[in-house]
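Written below as structure tokens is the structure these notes are about.
Read-outs: derived from the displayed coordinates by stated rules, not from any lab. Keep in mind that this is a model prediction, so the values were computed, not measured. Heads up, the Cβs are rebuilt from the backbone with ideal geometry, glycines too, and the neighbour counts pull from every protein chain shown.
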Amino acid sequence: MPVSLPRIWPSADGKPLPPAGTADVFRTFARDLVAGHRSWDGETARFIAAQFDQLAAEWDAHATGRDEPLHDALDRGGPFPHGACLELGSGTGLFTQLLLSVFPRVISVDLSEQMLHEAVGRSPARVRADATALPLADAQVSAVAAIDMLLFPAETVRVLAPDGVLLWINQLGEDGPLHLPAADVAAALPGNWQAVESDAGWGSWAVLRRTR
């Protein structure tokens, strides 16, 4: 079971709730994908990329999340290994600089070319790639940061160093369209994992490590 830390970042008023029906559809897809009940293929990847390409130019203006969950994870989820961080689903780079305050290098990965274009000036290292087939050798990064991202367990574990960590951030917590509880994330990752988690602001976070 995850180790739960007490909340220290209060939740502000005005939490933006996504449409219930839409959020339920995406949460079901995220859970079915992890459980192996849904497949991820080239057609799905192209569809998702096209959707986010269309949203990229206005993304920052309509972004609903806040950075409290990531701040809290970086403040209380350590210590973190010294090395590169792979930021999956990096979008327009809203959180890259915060990750760079802890990790010496951040590699920002997204399916959407237009999202990565909007991240110029925020994300120094940007790569367009599918998270199911990352262009990295085994055990190359010290951390993977997944902020409101689908979970691809096997590939995430493949690129993580043995002492690496997964930062799992849900900006809107249980209300987020891609929310997965920390216990479910730990159970889905190959091997044995332990999570530390907490709520912060509107969202939640977990830092997961292999256990020996």
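Key figures for this structure:
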read-out	value
Mean Cα-pair separation over length for the stretch 92-206, i.e. relative contact order, pairs under 8 Å, 6 or more apart, %	19
Modelled label reach - Thr28, point 7 Å along Cα→Cβ, the stretch 168-212 residues with backbone N closer than 17 Å	176-180
Whole-Å semi-axes of the ellipsoid equivalent to the chain (Cα gyration tensor, √5λ, descending)	22, 21, 19
Residue-span extension gain [Leu98 to Ala45] - 0.36 nm each, minus C-alpha spacing	16.3 nm
Under 16 Å from the Glu174 label point (7 Å along Cα→beta-carbon), backbone N, the stretch 39-75	none
Share antiparallel - DSSP beta bridges, the stretch 70-212, percent rounded to 5	40
Sites His82 and Asp60 - FRET efficiency at Förster radius 45 Å, r taken between beta-carbons, to 0.05	0.90
Förster-model FRET efficiency, 22 Å R0, Leu5 and Asp184, C-beta, rounded to 0.05	0.75
The chain: calculated mean residue ellipticity at 222 nm from DSSP helix runs of at least 4, using -39500 (n - 2.57)	-9000 deg cm²/dmol
Whole-number D in µm² s⁻¹ for the stretch 113-169, Kirkwood Cα-pair radius fed into Stokes-Einstein, 20 °C, 1.002 mPa s	174
